[in-house]
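Structure record follows, encoded as structure tokens.
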Amino acid sequence: MHLASSLFLLASLPFGFAAGKGKGKGKDNTSVGLDVLARKAGLKYFGAATDSPGQRERAGHEAAYAQYDQIMWDSTEFSSTTPTNGQKWLFVEPQRGVFNFTEGDIVASKARAHGKSLRCHALVWHSQLAPWVEETEWTPEELRKVIVDHITAVAGHYKGQCYAWDVVNEALEEDGSYRQSVFYKVLGEEYIKLAFETTAKVDPTAKLYYNDYNLEWPSAKTEGAQRIVKMLKDAKIPIHGVGLQAHLIAEQPPTIDQHIAAIRGFTKLGVEVALTELDIRLTMPATPENLAQQKEAYKNAVGACVQVCGCIGVTIWDFYDPFSWVPYVFTSEGAALPWADDFSKKPAYDGIVEALTNKTRRSKRRSISSRRANLA
Ligand code: XIL
């Protein structure tokens, strides 16, 4: 197997598949679908990210995968997707100038076949970066070329297919200062300008996003992200959106007012906002109490997006608990997604439905949008 594919599989294995999981039938399929509701609420899409596990992992789990695919590609639930891993530097350019788009292409072609839009993720990021980028002592000139070549190849390969690109991912520390990535250490904030400028040239129709976590309440970090937006705008370099990853914690979520204030902090700068990787993890085990907290947190996160007209869409980071990244990164936490191990919908799903059908908020949003439309 090609190195990139085996690394990909390591990073994306559906570890949650244990004996007996995935056999249940969804028991509460009464909703018309999250995407249908999201559009009625004024959003452009409700999406779910997905990985492209190879045939090896499917063996023995065909029934569960069939059920997974049925929901994943159901156009009433989701009209957008993001490859959770397949477009990352580690997999697409594992060695300098050696490109492998296999895994990203699987998700992109399924999205196309099912009429879904694609959020593309992520061009310049310190994590899941190919080791050769970090292991070399670059001169500024060399690293500029590495970035330009990478973006030219990757954004060029997907040209015209991406509604949006996460051009730069997670450039900030919690205090709002820049993360000391190889990119920052060699080039300073210039690398951010270079990445946006290059992507704009290569794929002029994609919306260009800065994407990060812990941007869901006003803080030094949200100010740092606002600084990035302003820096690009001042330099006349296109930036169209800020992605709030929204990897939240059920027991300590932002309040809806904090979340709305954070979103508005960006929209007032003239960029759109999307929740790009929403999941809300619990301290395991799941109990009626923490599932109820999770429901409320989903309701508030999606509700915050619905309430601000510049917030255009929500993507959950996969939809099915056994495929979530959470248990492999956050010890003792899990059950972060709206669909449980047996494919039943959790209270979290109802929380999202409530946020999307909250008439007071929806009409507020509509009246704001129509006022804006009248002004345009
Ligand atoms: C995660 C994937 O879901 C995992 O499969 C992988 O092992 C690690 O990365 N922020 C991001 C995403 O921008 O790309 C990350 O995805 C989660 C955090």
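A few remarks follow.
- Placing +1 on each Lys and Arg Cβ and -1 on each Asp and Glu Cβ, with no other charges, gives the chain a dipole about its Cα centre of roughly 1760 debye.
- Dipole magnitude of the stretch 192-302 about its Cα centre (Cβ charges: Lys, Arg +1; Asp, Glu -1), debye to nearest 20: 500
- With all protein chains in place and a 1.4 Å probe, the accessible surface of the chain carries 53 percent carbon and sulfur.
- Here each label is just a point 7 Å from Cα along the line to Cβ, and for residue 74 and residue 32 those points are 1.5 nm apart.
- Among 109, 75, 324, the residue with the largest mean-square fluctuation in a Gaussian network model of the chain, with springs joining Cα atoms closer than 10 Å, is 109.
- With N the number of residues in the stretch 237-327, Rg(Cα) / (2.2 N^0.38 Å) evaluates to 1.13.
- Antiparallel DSSP beta bridges within the chain, as percent of all bridges there, nearest 5: 10
- Residue range of the chain that is longest and free of trypsin sites (Lys or Arg not before Pro) which are both DSSP loop and sparsely packed (at most 14 other C-beta within 10 Å): 269-376
- Where labels lie 7 Å past Cα in the beta-carbon direction, separation of residue 331 and residue 234 in nm: 4.3
- Exposure of residue 328 as accessible area (Å², to 10), given a probe of 1.4 Å and all protein chains: 110
- Separation of the alpha carbons by more than 27 angstrom is noted, of 44/159; 44/88; 88/295, for 88/295.
- Cβ-Cβ distance of residue 354 and residue 63, R₀ of 35 Å, FRET efficiency by 1/(1 + (r/R0)^6): the value works out to about 0.65.
- Per residue, the stretch 188-334 exposes an accessible area of 35 Å² to a 1.4 Å probe, with every protein chain left in place.
- The mean sequence distance of close C-alpha pairs (under 8 Å, at least 6 residues apart), as a share of the length of the stretch 224-281, puts its relative contact order at 49 percent.
- Distance between the stretch 75-143 and the stretch 153-221 - C-alpha centres, whole angstrom: 13
- Spin-label model distance (nm) - residue 268 vs residue 292, 7 Å beyond Cα toward Cβ: 3.6
- D_trans [Stokes-Einstein, Kirkwood Rh over alpha-carbon pairs] for the chain, 20 °C, 1.002 mPa s, µm² s⁻¹: 102
- Alpha-carbon centroid distance for the pair the stretch 241-271 / the stretch 287-366, whole angstrom: 14
- Net length gained if the chain between residue 102 and residue 175 were fully extended (0.36 nm per residue, minus Cα distance): 22.5 nm
- Estimated 222 nm signal from helices in the chain, with DSSP H stretches of n ≥ 4 weighted -39500 (n - 2.57), rounded to 500: -13500 deg cm²/dmol
- Mean separation of Cα contacts under 8 Å, 6 or more apart, over the residue count of the chain: relative contact order %: 18
- Taking all protein chains together and rolling a 1.4 Å probe, residue 81 ends up with roughly 0 Å² accessible.
The values are calculated or read from the model by the stated rules, or taken from the named source; none is laboratory data. What you see is a predicted model, and the numbers here were worked out from it, not measured in a lab. Don't worry about glycine lacking a Cβ; one is built from the backbone with ideal geometry, like all the others, and counts go over all protein chains shown. Side chains are part of the model used for accessible areas, which takes the heavy atoms of the whole protein and leaves out ligands, DNA and RNA. Shrake-Rupley method; radii C 1.70, N 1.55, O 1.52, S 1.80 Å.
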